[in-house]
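Okay, structure first, notes after.
Every number here is computed from the coordinates shown, using simple stated rules; none is lab data. Remember, predicted model here, so these are calculated numbers, not experimental data. When we count neighbours, we look across all protein chains shown, and the Cβ atoms used for this are built from the backbone with ideal geometry, even at glycine.
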Amino acid sequence: MIRILTFALALLCLPVALFAQDLQSLLQTHQKVVAKPSRKSVGPVLDALVNSGLPQVPGFLEQWQGKALYVRKEDGVFFYTSKGSEGLTLIDISSGETSATVDAKTMKQVKPNGGVRKAIGAALVQFQLSDPNIERRRKAVESISQKLDASQIAPLKASVAGEKDAALKLRKERLTGYLTARFGTDSAARVAAIEALNNDLSVQGRAVLSQILEAELVAAETVPDANLAEVVTPGSSALSREAAYEILVTKHGFPPRVSDNDIRLALEANVEGGKAGGVPVVQLDDLQKRELAYDTLAARGLVQTRVSDADLDRAFGEWGFYQTYLEDDTAVTAAAREVQKTIQTKVSLNQAADLGLDAISLASIYFLAAVGLAITFGVMGVINMAHGEFIMLGAYTGYVVQQFITNYTLSLVVALPLAFAVTFAAGVAMERLVIRWLYNRPLETLLATFGISVALQQLAKNIFGTQARPLTSPGWLDGAWIINDVVQISYIRIAIFVLALLFLGLLLFILNKTRLGLEVRAVTQNPRMAASMGINPDKIKMMTFGLGSGIAGIAGVAIGLFAKVTSEIGSDYIVQSFMTVVVGGVGNVWGTLAGATMIGVFQKGVEWMNPSNTLAAQTYMILFIILFIQFRPKGIIALKGRAAGD
Amino acid sequence: MSTLLELSGVSVSFDGFKAINNLAFQISEPEMRAIIGPNGAGKTTFMDIVTGKTKPDEGRVLWGEKSVNLIGKSESQIAQDGIGRKFQKPTVFEAQTVRENLAMALKNPRGPLDVLFYRKTKQGAARIEALAEEINLTEQLARTAGELSHGQKQWLEIGMLLAQDPRLLLVDEPAAGMSPAEREKTTQILVRAAQTRAVVVVEHDMEFVRRLNCKVTVLHEGAVLAEGSIDHVTQNPEVIDVYLGR
Amino acid sequence: MQKSFIAQNPSVLWFLACLGVFTLGVTILSEATGTGVISTSFVKTLGKVLCLCLVAIAMDVVWGYCGILSLGHFAFFGIGGYAVGMWLMYARTEAIVIENLASRTIPPTPVEVNEAIATQIFGVVGSSDFPLIWAFSHSLTLQMLLVVLVPGLLALVFGWLAFRARVTGVYLSILTQAMTLALALYLFQNDSGLRGNNGLSGLQNIPGFEAVPQSVISMGFFWASALALALGYVMFARVLSGKMGSVIRAIRDDEPRVRFLGYHVESYKLFIFTLTAVVAGIAGALYYPQAGIINPAEIVPIASIYLAVWVAIGGRGRLYGAVIGTAFVSLLSSWFTGGGAPAVDLGFYTIQWTEWWLVLLGTSFVAVTLFFPGGIGRVFDKFARKSS
């Protein structure tokens, strides 16, 4: 009666309807439901609230959802409250003004349950979607995107027009598309929405398609009257005979198959007087005898009869197996299938591009690790097994610098030249003390430098311990350059790529355009002639070795940025580095580049074909290199003719 | 006198530099031949091609009565076919004795199993003695080859060449660094060898070539410039121009 | 002929005499057959050292005599260990499984036994099927054949490819190192069929000899290792004497020259490479039952480099040098790393040898290469020359 009166009153005062129809009175019309909401009853109230168009509704919904709504016990009026020392201070719902402080006992908190809060949240979203605060809008869009739901189509669509942020608008439009594709009511609109996904490579877009195309495997005696995806034959790669029969067992009451283990258990349970199923127990170590005994038991009705392969064939003759779409609309599934196909092609293309980026990044790491060797081994013919430890030395230098300079960018700027200096010095010392005595004995050089490698590694362990030390990259190198959901590359790897390019350029410049490079080439090609022309071969060799080692140090800093710094960091790369130099062709920086590229591409290629196993990828890579050497013993870029020597 | 080795139309280039350019060459058995030419004329490359070390870009190298093509055969096969080579720098196995050096070169089956189960024979020992006699190293048989003088090493290498009993000997500058007496001896060894087989001597020293008293082939820029007796070629104006005139 | 072979190589007699005296000494002092001064675990250590000496002389032949610095011979050693380990593990597990299944009411079928063994062995890598490479594991004879065949064939194929392409010197070293790494990485995978990084374990339990105490078994392996070393030594000395040795050393010193003498160098290298790989496999097959466990970490390239280090310290190009170097370094190494060496107090820093031993080994190795290229064996050479 009161309701009708209020309603009439509201109608009468239409010009001031907005004033008269205030929130509190609207709530009072649904007082019971608001005070004690249930999932079932809350729907109409929410609709009423949303349709009222009152400006306070979003705020109210948030408070309601957040259990901040109180009801006065005596008259059922709703308030927000703030807790004071003397009790609860009441805040008027409509005006937001503080009215009075009362004893907490006179008030009752409204506690909606989880389901209700969710429903309130859903109703809230449409307000948040048009909230003036862009962060809130973003959040609302994200919450919709996390769980696509049919009810969001209308509010989302409504909010698109008013959206001012271009990126968010695009996102909203996309999301509307996803929702329409999945939950739209009009078949044509859905098909259109699906077809609009044609260029969408995102994980979510692809998920929408596969959700539309979700199918169920059913067994039936006649072709089912449903949206049929395909007919499956038992015994094909898509459905094994066992799995097919299992469906018949669980869904259509066929007798289960009897496994060898079932036979054993059944026989064990039926041993009588040293015999089971008429066969002496001692003879039952033979599967055929066991089956014989079991069949005897089955004939006596003691156990279930075995299901033979012939039984399976018979069952499969009568029953067919069908993948049926959960979606009934054939136009929609057909469109989705078509679009999924094109997207898959595009995804594979993009994956190939991503793989290419990965390969390039791996190649630049190998190049950095190996280019120092290309100089010491390639140009000078000195094999340095301690090269890996020079990489380690560089990485630890980076770590130590970070202990003193806490600004990561600055510490990196200091560490790079310092690492070069440290390993340059180490290289020069090693050349002076050891290598120069062994210039004509390459195998001895190999072993002596191996001794140094062992000693250095253990020394590093003694100083820095066995646990990994962090070498933290500056913040601007964190994160990745994301092109789309398929193609992305981390900034560190880009930086390493740039570093590798830089070194390629620098080395080419040093070797081809400077006096040092000229002298190096002169000494390597004909030391005696070079000496007679006033070049000091000792000095040149020392400098060259220092240069090669110094680059290893810089490579160490670069590698340390993405790998943990341990005493083994160098030995992880040493064999690959040698391979890179050998495959590329000795004595040539371009060769090292070619070798690194080939090894990087090959390794990524194998990983792509067998993604679970990077160990196998390395194994195959090495086998490939061994075979490759068969066809190009001198590497990809080989020196030809008499200059190559014997 | 039948043709033992015949090269025709042989060319090879390294990085664009034509080391041998459409070379034609013939030698019969037995015959002594000297090859002269300035540096870079292709003398060593010529030997590399014949012995299988370098594969020519084009041309044919035919060997023996059956005119077998040698191109594509391995060094060891060619050596087993009967072509022996002495290098410019004496290369003997310095860590082993003179006897071991000669024994290794003796003409015997070369397979690993043949060698593993090889038994020393009286004939073999006698052959080594005879060779040592020929190259003046009888006293040194038990010494390590590394202890020999430069000239003795050259002889030992020639001895190893003879031990292989080849049909064709390729000898690169045998007289380099030898005293006059040693040269005399070397000449004798080579001349005697040439009585039964083909010998090709590459030499710079005109006096030595003159003493060999044989047909001379002059190489220039990878091709034959002139051929004939030493007097004939030394009067050829072209030869004087490119070689002797400098 | 045999007589003159010994007469030509008096060092072989000397070596056999020393090895005999050593074996006799250990036998007298051991727990099982003598006074018990030497513990069983030390007998095992000595037996293992003898196996290492055997693979070291193989390494010396291929490197010191033939000039091929192979960084793959410890991989062949490991393959031998794996081959024998497969049988040991299978047979031992079979015995246990049959014992367990005997308690069932009805006797097990062969298929059930097989499945139970497979589950027992491959449970750790989440599999219950026998991989193809275990096809012969039930037979000791066949697995022993594999000890010889697998390293032999691998060496044959790899050597054929490498030598044919004329890969020599440090290139060959790097290539063999790559081969070793590839093998180790392959074995590290769980689906390699050899239990991934768990490796094979419990190899010290010899099936059929469960009742025999370990002290006796270890003595048996010690004698077998000594015998194998003696036979290997004599065989290599025989191969290296006479013309074969002459050709092989010639290949080491000047490979192209040997080729121009008409020898097919590749065949010789292949012969030596394969023969030494087979010997390495046999040494491994004797070593790992004494060690008790084998896993892929044993055959990473660094192990093969250590092998070269032992040979170099002992003095390459002499068979006894390899034996001396290996025995010396590996015993010294176990003394230092086992905490046997007393710590050195420098006042400001105490040198713990467990931490510093590798630094010492590394630097002293550099010193040997630089200053004593003849290694320890050089000293013996001088004695031999003085006495003769």
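So between A:ASP131 and A:GLN488, what do we pick up on full extension, going 0.36 nm a residue minus the alpha carbon distance?
On the way: separation 357, 0.36 × 357 = 128.52 nm, distance 3.27 nm.
Using 0.36 nm per residue and subtracting the Cα-Cα distance, I get 125.2 nm.
Working from Cα pairs under 8 Å separated by at least six residues, relative contact order for chain B is 28 percent.
Across chain B, the convex hull enclosing all Cα atoms gives 138 Å³ per residue.
The GluC sites (Glu not before Pro) of segment B:40-119 meeting both criteria, a DSSP state outside H, G, I, E and B (loop) and at most 11 other C-beta atoms within 10 angstrom of the site's C-beta, are B:GLU65.
Classification of segment A:454-509 by its C-alpha gyration tensor yields an oblate form. The axis ratio a/c (a ≥ b ≥ c) is 1.5 or more, and b/c is at least a/b. Put simply, the amide H of B:GLU29, placed in the peptide plane, has neighbours under 5 Å in B:SER2, B:LEU4, leaving out anything fewer than 5 places away on its chain. Take each residue of peptide C:101-107, count the partner chain Cβ atoms within 10 Å of its Cβ, and average: the result is 5. Here the simple spin-label model places points 7 Å from the Cα toward Cβ, and for A:ARG521 and A:VAL282 these points are separated by 9.0 nm. Counting only DSSP H runs of at least 4 residues, each contributing -39500 (n - 2.57), and dividing by the residue count of chain C, the helix-based mean residue ellipticity at 222 nm comes to -23500 deg cm²/dmol.
A Förster radius of 51 Å combined with the Cβ-Cβ distance from A:ASN536 to B:ASP205 puts the calculated FRET efficiency at roughly 0.90.
In order along segment A:167-175, phi translates into HN-Hα couplings of 5, 5, 4, 4, 4, 4, 4, 4, 4 Hz, rounded to whole numbers, per the Karplus curve 6.51 cos²θ - 1.76 cosθ + 1.60 with θ = phi - 60° and x for Gly and Pro. Looking at chain B alone, DSSP beta bridges between its own residues are antiparallel in about 55 percent of cases. Placing R0 at 22 angstrom, the Cβ-Cβ distance between A:GLN31 and A:THR98 gives a FRET efficiency of 0.45 after rounding to 0.05.
When only Cα pairs below 8 angstrom with a gap of at least 6 residues are kept, chain A shows a relative contact order of 13 percent.
Between B:PHE14 and B:ALA19, the built amide H atoms are under 5 Å apart, and every one of these is 5 or more places off in sequence or on another chain.
Multiply the residue gap between B:LYS122 and B:PHE14 by 0.36 nm, knock off their C-alpha separation, and tell me the result in nm, one decimal place.
Values: separation 108, 0.36 × 108 = 38.88 nm, distance 4.82 nm.
The span from B:LYS122 to B:PHE14 would gain 34.1 nm if fully extended.
Count charges around A:LEU312 for me, please; just the other residues with Cβ under 15 Å from its Cβ, Lys/Arg as +1, Asp/Glu as -1. For residues surrounding A:LEU312, the net value is -2. Under the criterion of Cα pairs below 8 Å and six or more residues apart, the relative contact order for chain C equals 30 percent.
Give the percent of DSSP beta bridges with both residues in the protein assembly as shown that are antiparallel, rounded to the nearest 5.
Among the beta bridges of the protein assembly as shown, antiparallel pairing accounts for roughly 75 percent.
Distant-in-sequence amide contacts of A:LEU471, defined by a placed amide H-H separation under 5 Å and a gap of 5 or more residues or a different chain, comprise A:VAL565. Temperature 20 °C, viscosity 1.002 mPa s: under these conditions the Stokes-Einstein estimate for the protein assembly as shown, based on its Kirkwood radius over C-alpha pairs, is 55 µm² per second. Sequentially through segment A:311-320, phi angles give Karplus couplings (6.51, -1.76, 1.60; θ = phi - 60°) of 4, 4, 4, 4, 4, 5, x, 8, 10, x Hz, Gly and Pro residues having no value and appearing as x. Reducing segment B:180-246 and segment C:200-227 to their Cα centroids gives an inter-centroid distance of 74 Å. Spin-label model, C:ASN100/A:VAL271: points 7 Å from Cα along the beta carbon direction are separated by 1.9 nm.
Taking the Kirkwood radius as the inverse of the mean 1/r across Cα pairs, report the Rg/Rh of segment A:413-544. Could the numbers behind the result be given before it?
Working: Rg = 20.1 Å, Rh = 18.6 Å.
Dividing the radius of gyration by the Kirkwood radius yields 1.08.
If you take the Cα centroid of segment A:140-184 and the Cα centroid of segment B:29-98, the two points sit 84 Å apart.
Judged by the gyration tensor of its Cα atoms, with axes a ≥ b ≥ c, segment C:209-279 is prolate; a/c meets the 1.5 cut and a/b is the larger of a/b and b/c. Comparing C:THR45, C:THR369, C:THR109 in a Gaussian network model of chain C where C-alpha atoms under 10 Å apart are linked, the largest mean-square fluctuation is found at C:THR109. Peptide C:172-185 shows a mean partner chain C-beta count of 6 within 10 Å per residue C-beta. Compactness of segment B:112-246 is given as radius of gyration and Dmax, 18.0, 59 Å, from Cα positions. Taking label positions 7 Å along the Cα-Cβ direction at both B:GLU94 and A:ALA188, the computed distance is 9.7 nm, reported to one decimal. In deg cm²/dmol and to the nearest 500, what is the mean residue ellipticity at 222 nm of chain A if only DSSP H runs of at least 4 residues count, each as -39500 (n - 2.57), divided by the residue total? It comes out at -20000 deg cm²/dmol, rounded to the nearest 500. The Cα atoms of segment C:3-95 give a gyration tensor whose axes a ≥ b ≥ c have a/c of 1.5 or more with a/b no greater than b/c, which makes the shape oblate.
Here the 3J(HN,Hα) profile of segment A:326-340, calculated from phi with Karplus coefficients 6.51, -1.76 and 1.60 at θ = phi - 60°, is 6, 7, 7, 6, 5, 4, 5, 5, 4, 4, 4, 4, 4, 5, 4 Hz, Gly and Pro shown as x.
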